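Take a look at the structure set out below.
The values are calculated or read from the model by the stated rules, or taken from the named source; none is laboratory data. Not measured: the values here are computed from a predicted model. Counting neighbours? That spans all protein chains shown, and the Cβs are built from the backbone with ideal geometry, glycine included. Surface areas here come from the heavy atoms of the whole protein model, side chains and all, with no ligands, DNA or RNA. Shrake-Rupley method; radii C 1.70, N 1.55, O 1.52, S 1.80 Å.
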Amino acid sequence: MSGYTPLKYYFDRELALRLAYLIQAQYPHFTKKSFVDTVAIEVENIELKARVEVIADILKQHLPTDYKEALAVLLKILGPENNTEEGMFTKGYFLMPIAKFVESYGLEHFDLSLNAIYEITKRHTSEYAIRPYLHADTDRCMAYFQDWIKDPNSHVRRLVSEGTRPRLPWAKKIPPLKDNVQYNLRLLENLMHDSSRYVQKSVANHMNDLTKENPEAVLKWIQRLISDSNGINPKIIKNGLRTLIKSKDEHALELLRQVE
């Protein structure tokens, strides 16, 4: 009988071999044996995030020293876009070290890296990779978000919400954008009518994060949306206010009654 295998064990020698074959086809100078053997040794006895980081670092050692050249190689092995809203980890997990590579080494090539993040998120997820870029230059990221929020690809739209969450699981907590939840709420407002359940779930989770930062601001915002008769999605509101509802917050409960 087969049992559950923790995700971290997928980041092993076999994954290194998979990456090595893909990369060598695009970059013949890639030393496959050295890369695979080093990964196999270095990932022993460490956890998931550390394994991903180690593999990204070893990629850096084996790819061209010029970031632009190295990134060009990696972008050629991403494979086809995920046209569903499932399997971003189960099918695209092998791309985690590539997203980590961009996260760790791309800040000096901001626009090039943001475009790489855009491509990666169509196949895996870049919600973690985007975080250092937000910290380095929020306004520059926000300019990209204005286009991404209207993108036909739901994974790209989701990234706008998920990547900016103050309390994203597995990620270091970050303050609201520019230390003001209004910037986050403006992004979310553009996604409140998104047709994708995948995006809707992210929006609700983001809202729930914000209720832990500034609950009154979130409640006033929702009240305005309701007053504007803007076609509020009750499921997003209920899920987004779940922490306040659980704590019996009177204002949150009243808003829930208004949308149900």
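Remarks
- Net charge of neighbours whose Cβ lies under 14 Å from the Cβ of Trp170, counting Lys and Arg as +1 and Asp and Glu as -1: +3
- Helices in the chain, meaning DSSP H runs of at least 4 residues, each add -39500 (n - 2.57). Divided by all residues, the mean residue ellipticity at 222 nm is -17500 deg cm²/dmol.
- Sum of side-chain charges, Ile245 neighbourhood, beta-carbon under 14 Å (Lys, Arg +1; Asp, Glu -1): +3
- Rounded to the nearest 10 degrees, the angle from helix 250-259 to the longest Cα principal axis of the chain is 90 degrees.
- Summing +1 for each Lys or Arg and -1 for each Asp or Glu among the other residues whose beta-carbon sits under 10 angstrom from that of Ile23 gives +3.
- Volume of the convex hull of the range 1-64 (Cα atoms only), normalised per residue: 88 Å³.
- Whether the range 172-227 is rounded, prolate or oblate, judged on the alpha carbon gyration tensor where a/c under 1.5 counts as rounded: oblate
- On the chain, 50 percent of the accessible area sits on carbon and sulfur atoms, based on a 1.4 Å probe.
- The range 154-260 gives an Rg/Rh value of 0.93, both radii derived from C-alpha positions and Rh following Kirkwood.
- Rounded Å value of the spacing that divides the Cα centres of the range 194-211 and the range 1-69: 33
- Listed values [x] 63, 47, 30; [y] 125, 44, 32; [z] 67, 55, 27, entry calculated as Cα extents along the principal axes in Å: [x]
- Expressed as a whole percent, the proportion of Cα-Cα pairs in the range 22-156 lying more than 24 Å apart is 30%.
- Ligands, DNA and RNA are left out, and with a 1.4 angstrom probe the accessible area of the chain is 50 Å² per residue.
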